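Below: the structure, in structure tokens.
The values are calculated or read from the model by the stated rules, or taken from the named source; none is laboratory data. Not measured: the values here are computed from a predicted model. With ideal geometry, Cβ positions are generated from the backbone for all residues, glycine too; neighbour counts draw on all protein chains shown. Areas reflect the complete protein model, heavy atoms only, side chains present, ligands, DNA and RNA absent. Shrake-Rupley method; radii C 1.70, N 1.55, O 1.52, S 1.80 Å.
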Amino acid sequence: MSDLEELFVTLPSGLRLAVRRAVGRKRALLLVHGLASNARLWDAVASRLAEAGHEVVAVDQRGHGRSDAPSDGYDTTTCADDLDALCRELDFVGARAPVVAGQSWGGNVVLSFAARHRGAAALALVDGGWIHLRERFPSFDECWQSLAPPRFDHLRMSELATHVRQRHQAWTPEARAGVIANFVENADGSVRARLDRQHHKEILRSLWADDPRELYPLVDVPVLLMPAASPDDGRDDVVEAAQALAHSRISWYPGAHHDLHAERPDSVASDLLDLAAKVDS
């Protein structure tokens, strides 16, 4: 597999974002993780893209992974602004605009980036991008009560690693290592999530409050929707998004896990390579 270089990119705001990067001659792909995740979940996909000759950057969003964790800015719009600043620092602008893939909440982030900043050559929405939690929960209190993250501070790192291996036996070793990287070990041997619980809550609030349907008409680049579902699953939200996006198609993943990039890296990479090829054809 291709090696991914780890580095930090400092934005004009002073925020440092950690990225995992492979240099290539073909169109760049920017990979964006979901809520309470990190760039390493993309490693297996990123390696396959790099082996095909593409430049690849997977980013830790603010408060996640090795990136800085400022006191504020934990909403979809601000994180989309972070992507815009990152692309400018990397010179991923104009003719060098990247194909941008976002998973879960990351899909909503990249949708906002493409709609508001017009900085993407194409979009891949990996089981996300159409998330609007107010459709499921009338109030945010109900949303938080249902979706608040579990606490892991009763576990030691070795116990967490065992739990991850048992739960995700079919995943690649890179993906399992990525899940473990969502946590840090305290001095007493217990673990804690890298993403602060309050910041997690603020991101969830934005997923509850913001309606991505307002952004669909503003996206004017090819969009690939990649739901972890089959056409027979009654996913009206996916179909509605595809119909509202001007240049879109759906690649269904029947029976797949929400973390498609971790479970099915070969298929996800193949879809992304096909999308990038269409951009430059």
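General remarks:
- Chain lengthening between GLU142 and HIS258 when straightened (0.36 nm per residue, less Cα-Cα): 39.6 nm
- Residue separation of THR77 and ALA177 scaled by 0.36 nm, minus their Cα-Cα distance, works out to 33.1 nm of gained length.
- Between ALA28 and GLU55, VAL99, the built amide H atoms are under 5 Å apart, and every one of these is 5 or more places off in sequence or on another chain.
- The heavy atoms of ARG20 present about 30 square angstrom of accessible area, all protein chains included, probe 1.4 Å.
- Counting protein heavy atoms only, segment 27-142 has 43 percent of its accessible area on carbon and sulfur, 1.4 angstrom probe.
- Working note: Karplus 6.51/-1.76/1.60 with θ = phi - 60° gives segment 7-22 the couplings 8, 10, 10, 8, 7, x, 6, x, 5, 9, 10, 7, 9, 10, 10, 10 Hz, where Gly and Pro are set to x.
- Taking all protein chains together and rolling a 1.4 Å probe, HIS163 ends up with roughly 80 Å² accessible.
- Backbone geometry of segment 273-279 corresponds, through the Karplus equation with coefficients 6.51, -1.76 and 1.60 at θ = phi - 60°, to 3J(HN,Hα) couplings of 5, 5, 5, 4, 5, 5, 4 Hz, x marking Gly and Pro.
- Computed over every Cα-Cα pair of segment 100-243 and binned at 10 Å starting from 0, the pair-distance distribution P(r) comes out as 10, 31, 33, 21, 4, 0 percent.
- Note on LYS201: accessible area approximately 60 square angstrom, rounded to 10, probe 1.4 Å, nucleic acids and ligands left out.
- Potential lengthening between SER281 and GLU6 on full extension [0.36 nm per residue; Cα-Cα distance subtracted]: 95.9 nm
- Inter-site label distance for LEU218 and GLU202 at 7 Å from Cα along Cβ, in nm: 2.1
- Kirkwood-Stokes translational diffusion coefficient of the chain, alpha-carbon pairs, 20 °C, 1.002 mPa s, µm²/s: 114
- A simple count of charges around HIS200, restricted to other residues whose Cβ falls under 13 Å of its Cβ and scoring Lys, Arg +1 and Asp, Glu -1, yields +4.
- Using a probe radius of 1.4 angstrom, the carbon and sulfur fraction of the accessible surface of segment 181-226 is 47%.
- Helix-only mean residue ellipticity at 222 nm for the chain, each DSSP H run of n ≥ 4 adding -39500 (n - 2.57), per residue, nearest 500: -11000 deg cm²/dmol
- For segment 86-187: accessible area per residue (Å², 1.4 Å): 47
- Charge sum, other residues only, whose C-beta stays under 9 Å from ALA181's C-beta, Lys/Arg counted +1 and Asp/Glu -1: +3
- Segment 43-167 shape via C-alpha gyration tensor axes, a/c threshold 1.5: oblate
- Cβ-based net charge around ALA256, under 10 Å, with every Lys or Arg adding one and every Asp or Glu removing one: -2
- Residue with peak Gaussian network fluctuation, the chain [Cα springs, cutoff 10 Å], from LEU41, LEU204, LEU11: LEU11
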